[in-house]
Amino acid sequence: MHMRSGRRGRGAWWGAVAIGGSIALVLSGAPLSAQASSLAADTIVCPSVAGQLQEIPAAAQNEVDRNLALLETQIQEANDRLADTQGQGGPNFVQNAILGPLADKRAATLDRIAIAIGRSAERPDNLAALATCRLSDSGGNDTSPSPSPSPSPAPDDNATSPPPAQDDNGGSAQRIVCPSVNDQLPEIPAAAQNEVDRNLALLETQIQEANDRLADTQGQGGPNFVQNAILGPLADKRAATLDRIAIAIGRSAERPDNLAALAPCSLDDAGAPAPDPGTGSPSPQPTDGQNGGGQSEEEIAAAIGPSAEDFIDIRQVARTRQPQARGNGSRGVFVSDCGTNEEEHRNTDNLINAPGVVNAAQHLHDYVGNVSADAFSTNESLAASDTTCRNKADQTTYFWPVLRVRGPNDEPGAPEVDKNNIGTPVRASVARLEYRGNPTSPVTAAPRFLRLNFGDAKAVTNGPANARPVWTCTGFTDRITDKYPICPSGSRVTRIFDMPSCWDGQNIDSANHRDHLVFPDDNGACPSGTKAVPQLRMTLIYNDLPNTRPNGTDVPFAVDSFASERHSPITDHVGAIGVISDQLMGTIVECINNGRRC
């Protein structure tokens, strides 16, 4: 279902955007110069968001306004790219290189709007459906229906799907069918009933939207188009929704563990992908060098990223000035040895930014320290867990995205959430965890369960404001770059993360997971109103990465990322939740303030 509201006219689409509490009309089409030259040019049109929002709490108004404006910027940038790449790529170039990444950006922005509202009022649950945009037709006669105010209740049938569409000959066209969820649920606690009902209704909306897209794209793409462009994304959406149902039930009763198997759907006619016995997932189709509906492997590789432009010879990087301790500065260092994840503790969760959400990261994280960390960890469960750290009083969760070695035999996959992280994960050969001092002052104890957040996994989508350079090579650690380093012979790829270390003195977390703990300035001083705590430096060194120069999209390695971020090196990030005993924290502070190495 392509949902849209607003006013259409002469090939353009108008959307109402609330800015500073007022309503402004914004043209979300091609640039005005392009419209002047050709009213018939294709433009990208997106569902209106402002009209779907409930009353916005005053506390959320500024953040909502910023994100509404960002949505308009994203549309304009996508239209600019559409104009710049006219005639390029294969039949699915626009979908995979422009509309797909735009949908990812909009989904992230819409989620931020929902979170902002949800802090002070009921969180809106209808915004995710507004992420997908489309091209208007050449004459501007876009006739997509407006969005419905709320999803329909979920029917309780055996294979939930809408009535089949009719083809041009009056027969039944292909349709998507999905496993029933209602009859797989245990008794639902009263406290969870509303949330479960909302998500059951959302499952039906997802199926309807997928069937609408199936009808709209009939005959398009190659042999895997339906799987890669419709069934795959539908399974991802269903998996997230089913997980929310399980979480809601699990708060008051035993959490159901059988729902994930209900995510894959299939086509109901003889031409459908054949289900894989036991999973319901369609079997892979032969590609003959093509994937994603007719794309060449080169186009897929470019959409997945990275490319040679994301790499730099470390010897070409300027030296980086580091602030030096002076006066009352604290010069000591405390080292915590927690291994390099020999236990293979990995998952695709992000406990800091998305607690309770399985696969929120959509890329793989390596962990050291706390052995139980996952999406459902709590402060209590972390405190009760074992640790890989040699000092058992350090139960901190330390995590980072894996690096993968790329090779000529890697499957090209497709530019979608579950297929973009290709290659072989490589474990760091050295994972050095150091707690360091502040160049201008002594440090004070950090609170237990403090959340530490470095970098932005969506820096391509969100912009570089929270991205920081981390890449270097052994022997060249005074040169830090925001590109992947090409290291000379005998030197090894290294990542260095200096975490924020200026604490607000009150909170262990904040709404954006950043404001409670910020970075010192360029001279190492903490901002007014904050106090210096031991700064965690995480240094990761890799012996097993190939030392070969990239050539186009043939690259030696890449960091795991969201599909929308194209494995850009600026998306590198790490996180930690400090679970250190008061006694050990006192030892760390004393060590640092006395200028010792411990």
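Odds and ends about this structure:
- Neighbours by Cβ (under 9 Å, 6+ apart or cross-chain): first from region 470-482, more than 18 Å from H573 (Cα to Cα); second open to solvent by 30 Å² or more (accessible area, probe 1.4 Å) and of a type in the set (A, V, I, L, M): R479/A318
- Of the numbered criteria (1) surrounded by fewer than 22 Cβ atoms within 10 Å (Cβ to Cβ); (2) out of contact with any strand residue (DSSP E or B) (no Cβ under 6 Å at 6 or more places or on another chain); (3) in contact (Cβ under 8 Å) with a residue 12 or more places away in the chain; (4) among the hydrophobic types (A, V, I, L, M, F, W, C), the one V460 fails is (1).
Table: residues versus (1) farther than 30 Å from D111 by Cβ; (2) buried (at least 23 other Cβ atoms within 10 Å of the Cβ).
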site	(1), (2)
N507	no, no
I541	yes, no
A576	no, yes
L584	yes, no
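- Scanning region 412-464 for residues being modelled with pLDDT of 95 or more, assigned to a loop (DSSP other than H, G, I, E, B) and β-branched (V, I, T) gives a total of 3.
- Search result, residues across region 394-404 that are assigned to a strand (DSSP E or B), modelled with pLDDT of 95 or more and either under 30 Å from S581 (Cβ atoms) or open to solvent by 10 Å² or more (accessible area, probe 1.4 Å) (or both): D394, T397, Y398, F399, W400, P401
- Identity of the residue in region 105-123, open to solvent by 60 Å² or more (accessible area, probe 1.4 Å) and at pLDDT 85 or above, that ends up nearest to N67 (Cα to Cα): R123
Conditions tested, residue by residue: (1) modelled with pLDDT of 80 or more; (2) not polar (S, T, N, Q).
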residue	(1), (2)
E209	yes, yes
D236	no, yes
D243	yes, yes
S307	yes, no
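- S381 falls short on exactly one of the conditions (1) assigned to a loop (DSSP other than H, G, I, E, B); (2) of a type in the set (G, A, S); (3) modelled with pLDDT of 90 or more, and that condition is (1).
- Matching residues in region 55-81 - criterion: being open to solvent by 30 Å² or more (accessible area, probe 1.4 Å) and either under 20 Å from the mean Cα position of the chain (by Cα) or within 18 Å of A131 (Cβ to Cβ) (or both): E63, R66, A69, L70, E72, T73, Q76, E77, R81
The values are calculated or read from the model by the stated rules, or taken from the named source; none is laboratory data. As the structure is a prediction and not an experimental result, all values here were calculated from the model. Neighbour counts are summed over all protein chains in view; Cβ atoms, including those assigned to glycine, are modelled from backbone coordinates with ideal geometry. The area values use the complete protein model at the heavy-atom level, side chains included, leaving out ligands, DNA and RNA. Shrake-Rupley method; radii C 1.70, N 1.55, O 1.52, S 1.80 Å.
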